Structure formats: C-alpha cells, structure tokens
1. Testing PRO178 on (1) over 23 Å from LYS241 (Cβ atoms); (2) surrounded by 14 or more Cβ atoms within 10 Å (Cβ to Cβ), one condition comes back false. Which one is that?
2. I need the full set of residues from region 192-210 which are modelled with pLDDT under 95 and assigned to a loop (DSSP other than H, G, I, E, B), in order please.
3. Conditions: (1) in contact (Cβ under 8 Å) with a residue 40 or more places away in the chain; (2) outside any loop (DSSP other than H, G, I, E, B). LEU213 meets all but one. Number of the miss?
Amino acid sequence: MARGTAPAAGIYLGDEFWQQRPMDALGLGKAIDLVKEMMAPVGGSLSEAWASLIGDRATYWRMKNAMKYQPLLKAEADRLGLKMNAAKIPDKFAFTWFDEATKQDEPEIQVLFARLLARASDDGVNTGSDRRLIDVLARLTPEDASLFQRMYSDEPFPDTGVYSDTHGIGDDREKGWPVDWLYALLKHVHPNFTPISIDNLVVQGCLSRAMRLDFSGSGGAVATKTPEHIAWGREISSRVKQREYIDATELGKALYLAVKA
C-alpha cells in the first residue's frame, strides 16, 4: 500500500497505526512537537515555565503592592480614629485579605482594602470580619467603587435642586431609586458614569433591581373617590406604569460601613 493511502478493507494494521495515523493526518503531531520545542528552553514543565516567564514577576508585583499597605493602614486608622488589634482578626480572614489585597495596584481600591482591614481589626467597633466583603471588593473597578460610595453616602448630590437632600440609597428612608431618574442624575453629577458600573454592582450583590408599579401619574385615582378621580380611574391602565428601581442590599450596606471614608 502506497504511503499516505488508507488501508484496504479487511486489512488490520495494528493499534499503533490507529493511535498515530489520525494525529498525523490532522497535523497535531507537529503542533505537539512545536509546543515541546517552545517549552524546552525553560525546562519543559508548566510549573518551571510559570516560574521563569511569569511567576517571579507576579511575585515581585504582589510584594510591591503589599508594601504599600503598611503606610495606608496607619494613615486610614489614624484618620478614622481606629485602634488596630491584629489578634482580633481571624486567620482565615487575614489570609484571604492578603491574597486579594496584594493583587490590587489601583490606589483607589487599595485604600478601600486598607479601610476594610483597619475596621475589621478595630477594638472599638464591631463591623465584623466577613470574608465575603473581600471577595466583592476585589471584583470592583475604581469607577465601580467610586459610584458605590456615592450612592450609599448621605452627602447631598451637588447642583440638583430638590434632589440635593436625597439620602444614601442604604438609608431606611429611601425606598429605591427609579433607574431612569438615577441614570439622568448620575450623568449630570458623577464623573465618567457608565451604566456598566451599575450592572456590576448588581452582579456583585451591592445593589439590586426591581420592577414596581409607579402611581405618580394616577392623580390619586387609586385611593380617592371624588368624581374627577373616578373618571381618571377609568384610565388607570394608562396612568399607572411599571418602572424599574435600583435598591440597596444588606451586602451593600455592610460593605459601605466597612470601607466608608
């Protein structure tokens, strides 16, 4: 049989043929050899390749990040009036914090990690040492974190007239914010706002979305029985609309208490 042709029917060429031939036919054998050649200069194993190409740089980068936390922790603890006690922090919380905190090289997120650890170790307050807060914080960008703090803060929105006295979304007096109103407001007062930050805060459990009936256009027809309102009541389906709201969550409240300025 000529080289490269399939065997005639009924001819058995052995297991070795069927193990090797299909790979060669698809060109996979050459691909595997190429990969082996690429790996050969660094030792041939994945762990050795990682250590040589990436691992050392990643370790150095994380150690540089770790070194930034000591002055940050002291500065934030002093500013917030906290008394840090390392013995108060559970080992698992400490290990998880270190693992995630040293992956952060953005100053805005590093400050929040510093506040989280400082409050978890404070003798004077009991904000708890919930490892879930570490996981959530690690998945926020600086833009997400800035928006998160803006929404939960009780500081008034600037230049917004009647909305300048709005309480933070986590305040019990607030029953959620309409999405359309919130987006318009944030585009006006919050730098670089993009809806994707809201989406990520919802995904991470810091906010939630809900559809509710909006009676603001009903003119009181639902609750009042005057002739005028009864007439409006006949048009209630066009006056009462579903509206999407953004609400606070318990996880969001807990994270805000742990990282607020």
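The values are calculated or read from the model by the stated rules, or taken from the named source; none is laboratory data. Please read these numbers as outputs of a predicted model, since none were measured by experiment. Note: ideal-geometry Cβ built from the backbone for every residue, glycine included; neighbour counts use all protein chains shown.
1. (1)
2. Listed by number, the residues that qualify are ASN192, PHE193, THR194.
3. Going through the list (1) in contact (Cβ under 8 Å) with a residue 40 or more places away in the chain; (2) outside any loop (DSSP other than H, G, I, E, B), LEU213 breaks only (1).
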